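Notes follow once the structure below has been shown.
The values are calculated or read from the model by the stated rules, or taken from the named source; none is laboratory data. If you're wondering where the values come from, they're calculated on a predicted model, not measured in any experiment. Every residue, glycine among them, receives a Cβ derived from its backbone with ideal geometry; neighbour counts consider all protein chains shown. In case anyone asks, the SASA skips ligands and DNA or RNA and just uses the protein heavy atoms, side chains included. Shrake-Rupley method; radii C 1.70, N 1.55, O 1.52, S 1.80 Å.
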Amino acid sequence: MTFQYGRNGVFDMSLTGTAFLVTLLLIAIGATVATLIGWNRVPGPRWRRHAARVGMLIACQASAVLVVAAGVNNSFGFYTSWSDLFGHYDVPAESTAAPVPGTYISTHATVQTAIYRGIASGLTGRVLIWTPPEYDQDQYRDSRFPVIMLLHGSPGGPEDWTKGGGIPDRLAALMAQGVLDPAVVVIPQTDPNNVATDCTDLPGGQHNATWLSHDVPQMIQQHFRVQDSADGWGLAGFSTGGYCAADLALQHPHIFGSAAMFSPDDFAGDPAAVHDPRVRAANNPVTLAGSGAPVSLLVATSVNDRYSSPANANALYRAARWPTEVAPPLILRDGGHNWGTWHAMFPAVFRWLGLHLTPPHQPLPWTVRQPDAKQAGIFAQTLTPPSLTDGTGSIAAPPSQSPEPLLKPATR
C-alpha cells in the first residue's frame, strides 16, 4: 500500500495509492451491507423510516461513485495527489531558464474567430485572435506587437484555451501585472480539416505544419500590426500542443524564435496520428534539438504526469546543441495532466516566454535591419496593414500593390 508522509507529521493515504482505493471499496461494501441489514430495522414513525432509507441509498450511491472516480483517476492520472486535487502547487516565481482569407465570427467580447482557408496548405480551420487593450491606444497606434501562438491538445480545439485555460483573461492579468509585455494572442486549430497529424506535413497527405507555420502567420501578419521577425513570435502549447510547439519552432526558426511546453506528449510522436515511423523520427524534437536551430525552448511538467514524464523533458534538455537553447525543465512535485497544474505554471512559464519576445515597438519606415542568426534573409519594412474587414463580414484581401508577406516559409 502507498502512503505519503503528511505535513503535520502523520501518514496520509495518497490519492492514487492502493490503500485509498481499497478503503473506498470497503466503505462501499459496508454501506451496501448496512443498508441490507438495516432496511427493515429502522425504528420510529413512517417519515423517519423513509428518510433513513433514502439516506442509506444515497450513501450506497455516493460510495460507489467515489470508487469509480478513484479508479478512473488512477487509470488516467487526472489528479496525482491531494495537493493537485485541491489546487495547491509549489511553483517557483520564475523559471531558470487567393481564397477569401477568412470569415470573422463574434465569440467573445474581446476575441475574434476566423474560419480561414490557408493558401499554401489548402486547409481550413478556426483561428482565435485577441488583441491587448494597448493595441487600440493612441500611443501604440504605430507599434507592432509580438505574437503568442497557443496550441491545443488532441483531441481538442482552440476553445480549450478559452474555456479550460481562461484565455485571454489570465494572460491579460499577467500583462497588467507587468509579467508579460502586451502581445497579440493567436489560437489556431492544430488539426485543420479535422485531421490530426501531430502538426506535421505528411508526405502525400495533409500539411498541418504548413498551415501552422505559413498560412496562419501570413494571415495574422497581413491583417494585424504584428512583428515580422522570429524574436517577435513565440509558441506555447499543452499536451499534444506542447509537442507541436517544440517541433514547429525547431523546424521553422525563421518564424518562431521561442516555444514553451506545458506537459508535452512523448517527443517520439504518436503512431496513431503519424503512421510512418520515418516521419515520426524526422519530426522528433529531441533529434531536431541538435540540428542547430536558433530557438529557445522550455518544458514544464510534473513528477507524476504519466503522459509527460520528466525523462521526456530532460531528454530534450540534454540533446540541445548551440544555437538551440533549452532551459532547465520546470518540474512540479505535485500535479497531473490537467488545467489546474498548467494554471499554476502560467506565471513562471509565460514570464520566461515574454523575456524571449521583443516588446511592442515602432520600426523606422523603410529600413533594413541587420540580419542575425534568427533573421538572416528576412527583409523588414514598415507597412500599413489593410483594413480588417471589407464591410461584408470577410477579411479584406490585401491590396494588389502590397509587398510580399514579411514572414516567409522555408523553401520546401
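Only the Cβ atoms of Lys and Arg (+1) and of Asp and Glu (-1) were treated as charged; on that basis the dipole of the stretch 123-203 about its Cα centre amounts to roughly 80 debye. Taking the three principal axes of the alpha carbon atoms in the stretch 184-297, the coordinate ranges are 40, 31, 24 Å, sorted in descending order. Beyond 19 Å, the tail of the calculated P(r) for the stretch 105-196 holds 44 percent of the Cα pairs.
Expressed as a whole number of Å, what is the distance separating the alpha-carbon centroids of the stretch 139-195 and the stretch 293-316? Computed from Cα coordinates, the inter-centre distance equals 21 Å. In plain terms, the chain from A176 to S291 could stretch by 37.6 nm, reckoned as 0.36 nm per residue minus the Cα-Cα distance. In a simple Cβ point-charge model (Lys, Arg +1; Asp, Glu -1; nothing else charged), the stretch 205-364 has a dipole of about 240 debye relative to its Cα centre. Label positions at R48 and N193, each projected 7 Å from the Cα along the C-beta direction, are separated by 7.2 nm. Using the Kirkwood formula on the Cα atoms of the stretch 142-208, what hydrodynamic radius do you get, in angstrom to one decimal? Hydrodynamic radius (Kirkwood, Cα only) of the stretch 142-208 equals 13.6 Å.
Over the stretch 157-307, what is the relative contact order in whole percent, taking alpha-carbon pairs under 8 Å and six or more residues apart?
Values: 211 pairs, mean separation 26.8, N = 151.
RCO, the stretch 157-307: 18 percent.
Just subtract the alpha-carbon distance of I37 and L57 from 0.36 nm times their residue separation and send over the number in nm, one decimal.
On the way: separation 20, 0.36 × 20 = 7.20 nm, distance 1.28 nm.
Additional length available on full extension: 5.9 nm.
How much FRET efficiency would the formula 1/(1 + (r/R0)^6) give for V72 and H361, where r is the Cβ-Cβ distance and R0 is 56 Å, rounded to 0.05? Let's see the in-between values first.
Values: r = 50 Å, r/R0 = 0.88.
Once the sixth-power term is evaluated, E becomes 0.70.
Would you kindly calculate the mean projected area, averaged across all directions, of the convex hull enclosing the Cα atoms of the stretch 214-355, in square nanometres?
On the way: hull surface 34.5 nm².
Mean shadow area of the hull around the Cα atoms is 8.6 nm².
On a per residue basis, the stretch 130-272 carries 28 Å² of accessible surface, using protein heavy atoms and a 1.4 Å probe.
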